[in-house]
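Only the coordinates and a few stated rules stand behind these numbers; no lab work does. Source: prediction; values computed, not measured. Heads up, the Cβs are rebuilt from the backbone with ideal geometry, glycines too, and the neighbour counts pull from every protein chain shown.
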Amino acid sequence: MKAKTSVLKFGGSSLASADHIRRVAEQVAGYRRRGDDVLVVASAMGSTTGKLLSLVGEITDDPPLRELDKVLSTGEYVSTALLCMELQRIGVDSVSFSGADCGIRTNNRHFNAAVESIDTRRIREQFAAGRVVVAAGFQGKGRHGEVTTLGLGGSDITAVVLAGALNAARCEICSDVDGVYSADPRVVEDARRIDEISYAEMAELSRHGASVLNARAVEQARLRRVEVYSRSTFEPDSPGTWIRDFSTDSLRIVGVASHDALLPLSFDDDQLPARRAVEQVLCDLDSDSIFADHKDSKTGRRSILIPADRLPDASSFASELKSRHGGHLGIESVCSSVSAIGLGVGGAEHVRNTLRSCSRKAEVVLRHDFAGEHSVTCVVQPDHASKLMNAFHREFDCPAQEAA
């Protein structure tokens, strides 16, 4: 009988110390004892990636992205090797693999590479030998053999694409929260765990700032038909959240999400020099680095919102834009976004009107608002985002089965 393949991804908070690593190893051992082939995808320990970025910042505020990837990829080497050591100490045969060892091939875009192909032969060889494979998340190998990284939350992508390539029934994303919530529980006290959420809803929550799961990972899960189960590392038997394909006849607001810091660019879309300047800027970025690109029908000005956490150094990026394109681009002060997410809500005018009314009651001034297919977003001053998130969440009683 063919063994079941289990793919488990553990985030940095799950591997933050030696005690945390021991806890994870015991969980992995349980899957192996029941006869599963086990692939573990590990993020860097705790705040390692942030510390590495800070260290780079002490050297330069404009790091070459090739070298930045070299630095950032080291965090996962440490966590995978330590977890492997602990597994072997407790009698579980295991081997640590880099992204390249796992057969993950990417394009050549450093700091935010896209997976192009996967060759799982080496992983399957280890399974056949009875070993657990502990894979470094967040990284792959570019077309020229260079190490590349997959962007913020890239270990989620690693786990999902490998689960798909290995025909795993599901991919478990294990972290310090017990699933997907209707809002960030650190900001909204009455946020509630969602039992089941569609790929489309989860992708929108992630794209609009929810940090539980990477948006590109959700899209890869949808494309590869991988069901994702988000659960707590520290309470593994507690219910989590299923992310999978399902349909609903009702219009529901599943949750509220926020980007804390967005860099806004604005320009006159009718002016050719401005459009050319923006095209040059967009060439240096990728679609994941653009949160919103919309045009004001009244003024004719186009606005682009870039999440600061998608940039190696947001302040340096803004300074460079000012020096290169200051005459054509308006670079405004940092703002925040608050979005209501749900299947089809972008086309429901009453939802947009309710959010505007809710903003007025909360005495929050909107810079502007806009809608996508499954979202309505309000752009506000950063110190108003938390207040507006709570107001929206209360108004719709998220996760609501029907939008009022």
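Here are some notes:
- Qualifying residue in region 249-256 (condition: assigned to a strand (DSSP E or B) and within 27 Å of residue 311 (Cβ to Cβ)): yes
- Some residue of region 125-140 being part of a loop (DSSP other than H, G, I, E, B), among the aliphatic types (A, V, I, L, M) and at negative phi: yes
- Answer residue from region 57-73, given it is without any contact (Cβ under 8 Å) to a residue 24 or more places away in the chain and not in a loop (DSSP other than H, G, I, E, B) and is farthest from residue 107 (Cα to Cα) among those: 58
- Condition met for residue 168 (surrounded by 19 or more Cβ atoms within 10 Å (Cβ to Cβ) and touching a Cys at 6+ places or on another chain (Cβ under 6 Å)): no
- Filtered by the rule that a residue be in contact with a strand residue (DSSP E or B) (Cβ under 8 Å, 6 or more places away or on another chain) and among the basic types (Lys, Arg), region 316-375 gives 322, 352, 356, 367.
- Residues in region 358-372 that are more than 21 Å from residue 297 (Cα to Cα) and either of a type in the set (A, V, I, L, M) or surrounded by fewer than 16 Cβ atoms within 10 Å (Cβ to Cβ) (or both): 360, 361, 362, 363, 364.
Okay, residues lined up against (1) basic (Lys, Arg); (2) crowded, with 17+ Cβ neighbours inside 10 Å; (3) over 12 Å from residue 82 (Cβ atoms):
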residue	(1), (2), (3)
5	no, yes, yes
21	no, yes, no
31	no, yes, yes
47	no, no, yes
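- Extreme residue, farthest from the chain's Cα centre (by Cα), among residues of region 196-239 that are assigned to a strand (DSSP E or B) and buried (at least 24 other Cβ atoms within 10 Å of the Cβ): 197
- Evaluated against (1) within 25 Å of the chain's Cα centre (by Cα); (2) hydroxyl-bearing (Ser, Thr, Tyr); (3) under 24 Å from residue 369 (Cα atoms), residue 299 falls short on exactly one condition, (1).
- Candidate set from region 105-159 (those that are over 25 Å from residue 227 (Cβ atoms), of a type in the set (D, E, K, R) and in contact (Cβ under 8 Å) with a residue 40 or more places away in the chain); member that is surrounded by the most Cβ atoms within 10 Å (Cβ to Cβ): 141
- One residue from 329, 305, 263, 311 being surrounded by 14 or more Cβ atoms within 10 Å (Cβ to Cβ), under 25 Å from residue 152 (Cβ atoms), over 25 Å from the mean Cα position of the chain (by Cα) and among the aliphatic types (A, V, I, L, M): 329
- Put simply, of 209, 240 the only residue that is in contact with a strand residue (DSSP E or B) (Cβ under 8 Å, 6 or more places away or on another chain) and within 20 Å of residue 394 (Cβ to Cβ) is 209.
- Within region 321-360, the only residue that satisfies the criterion of being of a type in the set (Asp, Glu) and either at positive phi or touching a residue at least 60 places away in the same chain (Cβ under 8 Å) (or both) is 332.
- Listed by position, the strands (runs of 3 or more DSSP E) inside region 271-346 whose residues that are within 30 Å of residue 246 (Cα to Cα) number at least 2 are 292-295, 335-341.
- Index of the failed condition, residue 26 passing every other in (1) in contact with a His (Cβ under 9 Å, 6 or more places away or on another chain); (2) part of a helix (DSSP H, G or I): (1)
- Taking the conditions (1) touching a residue at least 40 places away in the same chain (Cβ under 8 Å); (2) closer than 17 Å to residue 311 by Cα; (3) surrounded by fewer than 23 Cβ atoms within 10 Å (Cβ to Cβ); (4) among the hydrophobic types (A, V, I, L, M, F, W, C) in turn, residue 82 satisfies each one other than (2).
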